[in-house]
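Student: I am attaching a structure below and will ask some questions about it afterwards.
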Amino acid sequence: MTDLHQERRCAESIARLAGNHIRRECNQQVDVSFKAPNDLVTNVDRSTERLITEHIQQAFPDDLISGEEYGQQIPEGPSENDRCWLIDPIDGTLNFSQGIPLFCVSIGFQIAGQTVVAAIYDPMRDELFSAAKGDGAHLDGQPLKTSSLDDISASVLVTGFPLGDTQHFQWTMEQFDLLTRTCRGIRRLGSAAIDLAYVAAGRMEGFWEYDLKPWDTAAGYLLVSEAGGQVTTIDGAPFSVHDSSVAASNGNLHGDFLRLLQSVT
């Protein structure tokens, strides 16, 4: 693996810079519009993505950038040398627009379609989660480790709900019902990137969701893996940011977690 020190420091510093920008903008006018029914965007999402993109381009002018609002598309079948940054300027835009202080900046850097650097910054709690492939995951410079719990009945899980009345929505509701009866509790935070960061930090034992976009999971799945957890699709296949489902856990209860999820589908 290429030395990733420069990319990691860049991701961390830009994520903090973007988070500081969001905090300042919270005190200004926040304009909300809709990209699609139930899929909203604010002027702050757009200005934050522009800020992130400009700084990445200054540091790595030849790299591709794929962002939720303006970025290029991720190349299909990436080659060995493809370098691409996946950015979500505000993951948890609905929370942000409602004044709920639970959202984050998510930046993932990929080589050949695999995330090798990640930074997730929660500006309201001033928490910076970061990771580099083979170098572990950290929270504000301190090593992260997933929970050691191996009993799913004692676990705390987290999920999100797909948009629309689809099969994935129906499955999620049935899985939610089953797992609520099985585990200690389930949370719904409204930010997949924070969900994954919390699994990496041992605050949750597992996370699952359908129909996420690549920038939602690009940083978070590396955090979980580098903290000692496991990330697959709900079917149990190796995970890619292009997959239609994700299941992340501390690793110890991943098998039981998948069996319960799959018992619905």
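The values are calculated or read from the model by the stated rules, or taken from the named source; none is laboratory data. Since the model is a prediction, treat every value here as computed from it, not as a measurement. Positions of Cβ are backbone-derived with ideal geometry, glycine not excepted, and every protein chain shown enters the neighbour counts.
Student: Please enumerate the residues belonging to segment 111-164 that are within 25 Å of ILE100 (Cβ to Cβ) and modelled with pLDDT under 95.
Tutor: PHE161, PRO162, LEU163, GLY164
Student: Going residue by residue through segment 34-44, is there one that turns out to be without any contact (Cβ under 8 Å) to a residue 60 or more places away in the chain and under 25 Å from ASP140 (Cβ atoms)?
Tutor: yes
Student: Which members of segment 117-173 meet the condition of being touching a helix residue (DSSP H, G or I) at 6+ places or on another chain (Cβ under 7 Å), in a strand (DSSP E or B) and among the β-branched types (Val, Ile, Thr)?
Tutor: Within segment 117-173, VAL117, ILE120, VAL158, THR159 qualify.
Student: Something else about it: If ALA200 passes every condition in (1) within 18 Å of VAL246 (Cα to Cα); (2) assigned by TED's automatic domain parsing to the domain that holds GLN29 but one, which one does it miss?
Tutor: Here ALA200 meets the rest and fails (2).
Student: Output yes when any residue across segment 252-264 is among the aliphatic types (A, V, I, L, M) and under 26 Å from PRO89 (Cα atoms), and no when none is.
Tutor: no
Student: Could you tell me how many of the residues in segment 149-182 are without any contact (Cβ under 8 Å) to a residue 40 or more places away in the chain, buried (at least 19 other Cβ atoms within 10 Å of the Cβ) and closer than 15 Å to VAL199 by Cα?
Tutor: 0
Student: Could you list, ordered by first residue, the pairs with Cβ atoms under 6 Å in which the first is in segment 56-71 and closer than 25 Å to SER191 by Cβ and the second is part of a loop (DSSP other than H, G, I, E, B), at least 6 apart or interchain?
Tutor: Once the first residue is closer than 25 Å to SER191 by Cβ and sits in segment 56-71, its partners that are part of a loop (DSSP other than H, G, I, E, B) give LEU64/GLN72; ILE65/GLY71; SER66/GLN72; SER66/ILE74.
Student: Which residue pairs have Cβ atoms closer than 7 Å, lie 6 or more positions apart in sequence or on different chains, and pair a first residue in segment 114-130 that is closer than 17 Å to TYR221 by Cα with a second residue that is at pLDDT 95 or above and of a type in the set (S, T, N, Q)?
Tutor: VAL116/GLN110; ALA118/SER130; ALA119/SER130; ILE120/SER106
Student: Further question: Taking segment 80-105, which residues are of a type in the set (Gly, Ala, Ser) and touching a Ser or Thr at 6+ places or on another chain (Cβ under 6 Å)?
Tutor: The answer is GLY92, SER97.
Student: To continue, here is another question. Does SER106 count as within 12 Å of TRP215 (Cβ to Cβ) and polar (S, T, N, Q)? Spell out how you get there, then give the answer.
Tutor: Working: within 12 Å of TRP215 (Cβ to Cβ): yes; polar (S, T, N, Q): yes.
Judged against the criteria, SER106 is a match.
Student: Within segment 12-47, track down each residue that is surrounded by fewer than 15 Cβ atoms within 10 Å (Cβ to Cβ) and either assigned to a strand (DSSP E or B) or in contact with a Cys (Cβ under 9 Å, 6 or more places away or on another chain) (or both).
Tutor: Once the filter is applied, which keeps residues that are surrounded by fewer than 15 Cβ atoms within 10 Å (Cβ to Cβ) and either assigned to a strand (DSSP E or B) or in contact with a Cys (Cβ under 9 Å, 6 or more places away or on another chain) (or both), segment 12-47 yields SER33, PHE34, LYS35, ALA36, ASP39.
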